[in-house]
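Single-structure report; data block below.
The values are calculated or read from the model by the stated rules, or taken from the named source; none is laboratory data. For clarity, every value in this text was computed on a predicted model and none was experimentally measured. With ligands, DNA and RNA removed, areas are computed over all heavy atoms of the protein, side chains included. Shrake-Rupley method; radii C 1.70, N 1.55, O 1.52, S 1.80 Å.
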Amino acid sequence: MFEAILTKFKKSPSIGRISLIGSAIALFLLAAKPAIAHHPFGGNTPQNFLEGILSGMGHPVIGPDHFAFVVAIGLLAALKGKQGIFLPIAFILATLAGTGLHLLAIDLPAPELIISASVLAFGVLLSLKNSPNLAWLSGSAAIAGLFHGYAYGEAIVGAEMTPLIAYLAGFALIQLAIALAAFKIARLTLKKIADQPSLPLRFAGFTISGIGVAFLSSAILG
């Protein structure tokens, strides 16, 4: 399925590819809710392996704030070449740690506010002509990952070990898939454009920044 999608993107104009990414993110914005409220099973704790992995895979997708952030991570990673893959890896490992903090009943301050701010911040970073170095981005992504993972932990509190492990695997794998898809599409785009190759990614950054503003406003105003 991914090969078919990539084939279509190869044939389409480069600006159009990134426009499609922006449109997809914008559609998720229409269903935006507070970050901690996303529960794939309507608030019910997963009871078995299947429920655990489906819940884990669903949380970063039905949560438009999480989804937009992971896409931003993938696009930023593409600007850093092959080594950029360490950026989503740092984020995903941190989300696992953040979920662990939630399960240990260690509170993080203002998670909804910081998650929303992270979407805005990484959208801005993507829109810059020259983004910070990979080490700085990875550290920032890891800090944001703790809060995103903390939000993921809300849906699995009280679960048995089997669904818990499945849940962790589910949200780690789906985030990696989303980030890699964004990374691959962005790398193809960068190779196609000779003049100002990062410009389409900057346009995507403006879109993600706008989404971040909407989430942040909602978090502040309640």
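Summary table below
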item	result
Filtered residues of the range 186-203 (kept if closer than 30 Å to Ile53 by Cα and open to solvent by less than 20 Å² (accessible area, probe 1.4 Å))	Ala186
Matching option when the condition is open to solvent by 50 Å² or more (accessible area, probe 1.4 Å) and of a type outside the set (Asp, Glu), among Leu176, Leu164, Leu216	Leu176
Residue match in the range 16-26 (condition: assigned to a helix (DSSP H, G or I), of a type in the set (Gly, Ala, Ser) and at pLDDT 90 or above)	no
